[in-house]
Amino acid sequence: GQNIDQPTEMTATEGAIVQINCTYQTSGFNGLFWYQQHAGEAPTFLSYNVLDGLEEKGRFSSFLSRSKGYSYLLLKELQMKDSASYLCAVGGGQKVTFGTGTKLQVIP
Amino acid sequence: DAGITQSPRYKITETGRQVTLMCHQTWSHSYMFWYRQDLGHGLRLIYYSAAADITDKGEVPDGYVVSRSKTENFPLTLESATRSQTSVYFCASSESGGRNNEQFFGPGTRLTVL
């Protein structure tokens, strides 16, 4: 099975940088996903890591260490619209397992 | 319209009634998924389908039935609704299963069982 851990809540200031961590233990691993979910809306895809290292996409970056079972999502130049839940998810076999999500609140 | 849609968006029903939630996608994605999302549990997989006429259980399948006679449709049926099935239900589709293709989510159905 899969076990995925991420912090429940985080607060950060507009314009700052925040790092959301995710640790996982899996029986099968194809890659790691990050999704963003605004309150009352559906999740939307942010990133996918299959190899170790950092993947940068605009203000968002995602890092993966397969040997440590660890990933993080880095959000730079935070904006108020970044207030949302961020879901870490592990792909294995035919399906994806989601963590419980980290609710990020961006304050002025 | 292209994309993935769910209906109804909101549903209130009573304990013991049968309820069917609909999901339709226009991308011809092979894989489709049903999740429920509850506070403290995140997204949990109910059932998934790798192709028409191929379905498999996820993490929390009890009390649910699915079918997939056509690639584009993946209805979820609650045979006899219980209060514990009050939740937000998301349907999703992807080109592959747990590999490098992102899942596209429908807007969700908020189900209340009284």
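Things to note:
- Cα→Cβ-extended label distance, 7 Å offset, between residue B:22 and residue A:107, nm: 4.6 nm
- Per-pair calculated FRET efficiency, R0 = 25 Å: residue B:84 and residue A:21 via Cβ, rounded to 0.05: 0.20
- Average beta-carbon neighbours from other chains, 10 Å sphere, peptide A:35-43: 4
- Relative contact order %, chain A, counting alpha carbon pairs below 8 Å whose residues are six or more apart: 38 percent
- Difference of contour (0.36 nm per residue) and Cα-Cα distance, residue B:65 to residue B:12: 17.2 nm
- Averaged over peptide A:89-95, the number of partner chain Cβ atoms lying within 10 Å of each residue's Cβ comes to 6.
- Within 10 Å of the Cβ of each residue in B:101-107, the mean number of Cβ atoms contributed by other protein chains is 6.
- Whole-number percent relative contact order across the stretch B:1-93, with pairs defined as alpha carbons under 8 Å at least 6 apart: 35 percent
Read-outs: derived from the displayed coordinates by stated rules, not from any lab. Note that the structure is a prediction, hence the values are computed from the model and not measured. Here Cβ is always computed from backbone atoms with ideal geometry, including for glycine, and neighbour counts include all displayed protein chains.
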